[in-house]
1. With θ set to phi - 60° and the Karplus curve 6.51 cos²θ - 1.76 cosθ + 1.60, what are the ³J(HN,Hα) couplings of region 129-144 in order, to the nearest whole Hz, using x for Gly and Pro?
2. Tell me, Kirkwood radius of region 33-91 from alpha-carbon pair distances, in Å?
3. What whole number of Å gives the distance from the Cα centroid of region 62-97 to the Cα centroid of region 32-58?
4. When Lys and Arg each count +1 and Asp and Glu each count -1, what net charge do the other residues less than 13 Å away from residue 35, Cβ to Cβ, add up to?
5. Just for the Cα atoms in region 54-158, what are the lengths along the principal axes, largest first, rounded to whole Å?
6. Under 5 Å between amide H atoms, partner at least 5 residues away or on a different chain: which partners does residue 139 have, H built in plane at 1.01 Å?
7. With N set to the residue count of region 68-109, report its C-alpha Rg divided by 2.2 N^0.38 Å to two decimal places.
8. Find the Cα radius of gyration of region 102-158, compare it with 2.2 N^0.38 Å by division, and give the number to two decimals.
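Where a number appears in this text, it was derived from the coordinates with a stated rule and is not lab data. Because the structure is predicted, anything quoted here is derived from the model rather than measured. Positions of Cβ are backbone-derived with ideal geometry, glycine not excepted, and every protein chain shown enters the neighbour counts.
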Amino acid sequence: MIRSRNLATALTLLAGVVLTSGAYAQGQGNAGKTVISTPNAPEAIGPYSQGIRAGNMVFLAGQIAIDPKTKQLMKDASIEDQTRLVLENLKAVLEADGLTMDHVVSTTVFLKDLNEFGKMNEVYGEYFKSAPPARATVEVARLPRDVKVEIAAIAVRP
């Protein structure tokens with residue numbers, strides 16, 4: 001049985017571990033995190049960063065099918081073409097921090113239609129050939145700007 005004093009001590013220690021491992025409490029400022037930004041990926045379309053480095057972890061915002069050169073949305077493109085552009089955009093953010101797709105350890109794929117999973121997965125496999133990252137894939141009711149796919153990622157610096 002855990003006594004209340006021991007529980008309070010354990011919770012205090014756990015809070016300290018969480019705050020020093022890359023999770024930031026509101027009001028902590030930018031201590032320990034670096035914004036990653038590149039013109040080779042679409043500009044953020046809201047109050048977020050293309051990527052954030054915290055320690056040896058790099059957190060990449062979800063990318064959608066926007067061409068960073070023309071700033072045009074590929075809304076009506078095929079799932080394959082959208083997936084390819086999304087992964088190229090993620091690759092560009094990684095490269096801005098000196099990383100490659102091989103450094104990605106986890107992705108989250110958001111699909112408008114899970115019936116297109118196979119087509120998305122075929123293109124996805126072209127980018128992650130050896131030791132592919134862990135992945136979660138979910139179907140969603142709607143994505144920003146009504147695209148078909150959005151992918152977010154987490155990478156680890158060596």
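1. Using θ = phi - 60°, the values come out as 7, 10, 6, x, x, 4, 8, 10, 10, 9, 8, 10, 5, 7, 10, x Hz.
2. Numbers: mean 1/r = 0.0832 Å⁻¹.
Result for region 33-91, one decimal place: 12.0 Å.
3. Using only Cα atoms to place each centre, the spacing works out to 15 Å.
4. On the way: positive: 33, 53; negative: 43, 97.
That works out to 0.
5. In descending order, the Cα extents are 37, 28, 22 Å.
6. The list, which skips near neighbours in sequence, is 111.
7. Numbers: Rg = 11.6 Å, N = 42, 2.2 N^0.38 = 9.1 Å.
Compared with the compact-globule rule of thumb, region 68-109 sits at 1.28.
8. Numbers: Rg = 11.9 Å, N = 57, 2.2 N^0.38 = 10.2 Å.
Here the answer is 1.16, to two decimals.
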